[in-house]
Amino acid sequence: MTPQSLAHVNGEIVPINEAKISLLDWGFLHSDATYDVAHVWDGHFFRLDEHVQRYFAGMEKLRMSIPYNETQLTALLLKLVGQSGLRNAYVEMITTRGVPELGSRDPRTCKNQFFAFVVPFVWISQPDQGLHLAISQQQRIPSASVDPTIKNYHWLDLVMGQFEAYDQGAQTAAVVDDKGNIKEGPGFNIFIIKDRQLRTTAKGVLEGITRKTAIQLAQQLGLQVKLGEISAQDLRQADEAFATSTAGGIMAITQVDHQVLGRGQIGPLTQQLQDAYWAMHSEPKFALEVDYELPL
Ligand code: PLP
């Protein structure tokens, strides 16, 4: 079988290029949607149950629903990946508000829509490379306006931050709050390490599954982890820093704006955490095997 990207749309599995959604869906017109992204590594989903739980929690807060429960969704995603043949994959599940009745602007008249797709694994940065991060002037949309713990598509701040970063020759950006504290980046959380203590932003960010994994692994290594604010100066003066995301795992940050961070290489603790992160992928507790032989 040749591995290929697939989508689950309107209850059917189709090649991703043939997947279509309505132009009138509020997911498209108003970013009125929630989603989650899990990954498959070496033929196994990593911590899929936690992604599915976060996705259902987001839908509940947004008053959305889909015609599947968590067990049915898990089976559907396993089937989608199994049919794709992709052994290292990026798997996105999406609920949109849907299309309101003709002539109506009442979201209660919308029928929520479910979509999913699987594509080859996406890297924000390769594990053996250091990320060059710019601290953007862009402020993250305030949590009082859009709850960042609901995974959402309010990404204009993050995308404009990325453009700012490219203008400076950096690879990606961190957006800030109104006090200039570091929040998160396009698809990742941020950690610093100073004097063997880790710190990651407590509030105003998505509570990433990789962030949670990094915290657990650090604690297992006997390191202290603090949840709190990270100022721009804290980041610049850190011994080590890293980004966490489903799209790449634990990724060292080795340059901030025009300044090298630490020794300008992946730091020893970041390396240990990264090794532990990839090793965790073969622990049965966190790995759910995909069956690639299921009949179509
Ligand atoms: N922050 C934002 C805004 C994200 O979109 C993501 C993931 O896409 C993350 C953080 C990292 O979350 P996770 O580790 O669950 O992939």
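GluC sites (Glu not before Pro), restricted to region 1-110: which are DSSP loop and have at most 12 other Cβ atoms within 10 Å? Listed in order of number, the matching sites are Glu101. Remark: relative contact order (the chain) = 20 percent; criterion is Cα-Cα distance under 8 angstrom and separation of 6 or more residues. Here the dipole of region 25-92 is about 80 debye; that uses its Cα centre as origin and unit charges on the Cβ of Lys and Arg (positive) and Asp and Glu (negative). Both the radius of gyration and Dmax for region 70-151 are 18.4, 54 Å, in that order, over alpha-carbon atoms. Rolling a 1.4 Å probe over the protein heavy atoms of the chain, with every protein chain left in place, gives an accessible area that is 51 percent carbon and sulfur. Relative to the Cα centre, the charge distribution of the chain, modelled as +1 at Lys and Arg Cβ and -1 at Asp and Glu Cβ, gives a dipole magnitude of about 480 debye.
Among Ser143, Ile13, Gly103, which residue has its Cα positioned farthest towards the positive end of the charge dipole of the chain, with +1 placed on the Cβ of Lys and Arg, -1 on the Cβ of Asp and Glu, and the dipole taken about the Cα centre? Towards the positive end, the residue furthest out is Ser143.
Using heavy atoms of the protein chains and a probe of 1.4 Å, the accessible area assigned to Met1 is about 150 Å². Think of the chain as having a plus end and a minus end, set by charges on the Cβ of Lys, Arg, Asp and Glu; of Leu48, Gly228, Ser31, Gly228 sits farthest toward the positive end of this dipole. With contacts taken as Cα pairs under 8 Å at a separation of at least 6 residues, region 223-272 carries a relative contact order of 31 percent.
Please give the FRET efficiency for Ser31 paired with Leu223, using the beta carbon to beta carbon distance and R0 = 45 Å, rounded to the nearest 0.05. Step by step, r from the Cβ atoms, then E = 0.75. Secondary-structure-derived ellipticity at 222 nm for the chain, considering helices only, amounts to -7500 deg cm²/dmol, per-run term -39500 (n - 2.57) for DSSP H runs with n ≥ 4. In this simple spin-label approximation, Tyr166 and Asp42 carry label points 7 Å from Cα along the Cα→Cβ vector, and these lie 3.5 nm apart. Calculated accessible area for the chain comes out at 49 Å² per residue, all protein chains present (probe 1.4 Å; ligands, DNA, RNA ignored). Dividing the convex hull volume of the alpha-carbon atoms in region 1-88 by its residue count gives 104 Å³ per residue. The magnitude of the dipole of region 167-218, with charges of +1 and -1 set on the Cβ of Lys/Arg and Asp/Glu and taken from the Cα centre, is near 280 debye.
Helix 48-61: angle to the longest alpha-carbon principal axis of the chain, degrees 0 to 90, nearest 10? Helix 48-61 sits roughly 70 degrees off the main axis of the chain. Over region 50-136, Cα pairs under 8 Å with separation of 6+ residues give a relative contact order of 26 percent. Subtracting the Cα-Cα distance of Gln265 and Asp49 from their residue separation scaled by 0.36 nm leaves 74.4 nm.
Relative to the dominant Cα principal axis of the chain, helix 70-84 is inclined by about 90°.
Here the simple spin-label model places points 7 Å from the Cα toward Cβ, and for Ser104 and Glu18 these points are separated by 3.3 nm. Using 0.36 nm per residue and subtracting the Cα-Cα separation, the extra length available between Asn10 and Ala202 on full extension is 65.3 nm. The residue among Ala243, Met280, Tyr292 whose Cα reaches farthest toward the positive pole of the charge dipole of region 242-296, with charges on the beta-carbon of Lys, Arg, Asp and Glu, is Ala243.
Among Ala134, Ala116, Ala75, the largest mean-square fluctuation in a Gaussian network model of the chain, built with springs joining Cα atoms closer than 10 Å, belongs to Ala75. GNM remark for the chain: springs join alpha carbons under 10 Å apart, and the peak mean-square fluctuation among Ile250, Ile21, Ile94 falls on Ile21. Quick one: work out Rg over Rh on the C-alpha atoms of the chain, Rh as Kirkwood radius. Computed over Cα atoms, the ratio is 0.98. Extension gain, Val119-Lys194: 0.36 nm per intervening residue step, less the Cα-Cα distance, totals 23.3 nm.
The values are calculated or read from the model by the stated rules, or taken from the named source; none is laboratory data. Keep in mind that this is a model prediction, so the values were computed, not measured. Here the Cβ is made from the backbone with ideal geometry for all residues, glycine too, and neighbour counts use every protein chain on show. Surface areas here come from the heavy atoms of the whole protein model, side chains and all, with no ligands, DNA or RNA. Shrake-Rupley method; radii C 1.70, N 1.55, O 1.52, S 1.80 Å.
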